[in-house]
Amino acid sequence: NTVEIDLEPVTSSRVDAILNKFSFALFDPGARSPGLLSFPAPVKARGFIDTTYVDNARTVGPTGKLRISRGNDGNVFILTKNE
C-alpha cells in the first residue's frame, strides 16, 4: 500500500503534506499476480507533519540518523535513514 504525497516546507520543523493518490494491493488467491487499486486523494486530504526529534549520531542501527515526527491527527512517525 502506498500514498503519494507532496511536502511543502513551512518552518524548519514543519511541512505541509498534500496527499495526491492512494494505491492498494489486491490479492486474489487464484490470480497469478496481485492487482493494484489506485485512486486520487480527495482535495481535503491535507495535513502537516512536525519533526519533534532528530538524532544524526550513529546511535541507532548501523547508520543512526533517527527522526521522530508527529502528524496533525496525532500519528507518530519514527524514521531511520539507510545509507
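Near the amide H of residue 65, within less than 5 Å, lie the amide hydrogens of 57, 59, 60, all on another chain or at least 5 residues away, with H placed in the peptide plane. Starting from one equal scatterer on each C-alpha and no solvent at all, send me the Debye-based log10 I(q)/I(0) for the stretch 1-54 at q = 0.22 Å⁻¹, two decimals. The Debye formula, applied to the Cα set alone, gives -0.82. The value of relative contact order for the chain, using C-alpha pairs under 8 Å at least six residues apart, is 20 percent. Cross-link reach is defined here as a Cα-Cα straight distance under 28 Å, omitting same-chain residues fewer than 8 places apart; for residue 81 the lysines meeting it are 21, 65.
Computed over neighbours whose Cβ is under 15 Å from that of residue 50, the net charge equals +1, Lys and Arg +1, Asp and Glu -1. Solvent-accessible area per residue in the chain equals 78 Å², computed with a 1.4 angstrom probe and all protein chains kept. Selection among 78, 3, 41 by position relative to the dipole of the chain gives 78 as farthest towards the positive end (Cβ unit charges, Cα centre).
The values are calculated or read from the model by the stated rules, or taken from the named source; none is laboratory data. Owing to the predicted nature of the structure, the values given are computational and were not obtained by experimental measurement. No Cβ is skipped: glycine too gets one built from the backbone with ideal geometry, and neighbour counts run over all protein chains shown. Just so you know, the surface numbers come from the protein's heavy atoms only, side chains and all, with ligands and any DNA or RNA stripped out. Shrake-Rupley method; radii C 1.70, N 1.55, O 1.52, S 1.80 Å.
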